[in-house]
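The values are calculated or read from the model by the stated rules, or taken from the named source; none is laboratory data. None of the values given here were measured: they were computed from a predicted structure. In this analysis, Cβ positions are derived from the backbone assuming ideal geometry, glycine residues included, and neighbour counts consider all displayed protein chains. Each accessible area value is taken on the protein alone, full model and side chains, heavy atoms only, with ligands, DNA and RNA left out. Shrake-Rupley method; radii C 1.70, N 1.55, O 1.52, S 1.80 Å.
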Amino acid sequence: MNAILQCLCSISPLVEYFLSGKYITALQKDCSEVATAFAYVMTDMWLGDSDCVSPEIFWSAFGKLYPAFMKKTQQDAQEFLIYVLNELHETLKKYHRRRSYEKRSIPRSCRKMIANESSIITRLFEGQLNYSIICLKCENCTYKNEVFTVLSLPIPSKYECSLQDCLQCFFQQDTLAWDNQIYCSFCETKQETAVKANISKAPKIIVFHLKRFDILGTMKRKLRTDIHYPLTNLDLTPYICPIFRKHPKYNLCAVVNHSGDLDGGHYTAFCKNSVTHAWYNFDDARVSEIPDTSVQTATAYLLFYSCRPFSIPIQKRRS
């Protein structure tokens, strides 16, 4: 929880959004303890006077909705991140929907569409994959879209590889045969199929989940591959549809590290401060500045990349 909160609270546009102050009162009206507690944590971290901020209220509120995370056992940071983003999105969507109704700013005929309204979460983190599916018998091609907030990447090597190697492995064409065949509407039966993915909508903040926890039958293991990832100018051009290549290059803004094994371990975070532009290591209550060269680590588990340059958050300071 600490590692994920540190990463989310280092993302400039998300910080700017919550530091406006008006959202805390609004979130309270929508009865979302999780989102309200998150807003308070972020505000205290950026504008508070304490050297250390406790997320205990957030943890308690989150645990009421997701009791599994209340257990004092090993939990998965990627799953926790997805649940947090989803909870914030649903709450903020309700908030904007209520404001639209109060202002009567939309036609009655369009109000049913408000349920699909976006939020700061979807605007920052939501991307879309487009799968081209080709029947290898009749060569008919169909397309399927899939929304994502976290992209889980396979690790193609046991000892050492690069983030680009992981991306190439994810986006390479796969052949689905035998039990994995897909039904072809033209052949009217299951056929061997070639499937290839690309990014049809690139998010402003793209989160890569490195699939270090591997399950083969009854065997479980953690892949300790040293994955080399760039701090700046990660080029996603080869994987984005040409017409959507507005911001193909990304800069690293946060990292979640995991040390240990599947049954026990410890999470830490590396975050780039949007004011000082320096990197910091967050290890529970211990915080230390680190050089850029220390951001590369073999324990990286989640990588947060931003296509937006860092800026100083707009702070509405307390009087």
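Quick notes on this structure:
- Cross-link pairs 72/201; 211/272; 64/220 - those with Cα-Cα distance over 26 Å: 72/201; 64/220
- Split the accessible area of the range 160-319 by element, probe 1.4 Å, and carbon with sulfur accounts for 51%.
- Protection proxy ranking, peptides 229-238, 255-264, average beta carbon neighbours within 10 Å, highest first: 255-264, 229-238
- Rolling a 1.4 Å probe across the protein heavy atoms gives the range 221-272 an accessible surface of 48 Å² per residue.
- Cβ-derived FRET efficiency at R0 25 Å, residue 214 paired with residue 182, nearest 0.05: 0.50
- Taking the centroid of alpha carbons for each part, the range 118-166 and the range 208-228 are 18 Å apart.
- C-alpha center-to-center spacing [the range 252-272, the range 43-58] in angstrom: 21
- Sparse-neighbour loop sites [trypsin sites (Lys or Arg not before Pro); the range 180-270; at most 16 other C-beta within 10 Å; DSSP]: 211, 224, 245, 246
- Selection of chymotrypsin sites (Phe, Trp or Tyr not before Pro), the range 156-229, meeting DSSP coil and at most 11 other Cβ within 10 Å: 159
- Rounded if a/c under 1.5, otherwise prolate or oblate - the range 202-291, Cα gyration tensor axes: oblate
- In terms of packing, defined here as the mean over residues of other Cβ atoms within 10 angstrom, the peptides 277-288, 137-148 line up highest first as 277-288, 137-148.
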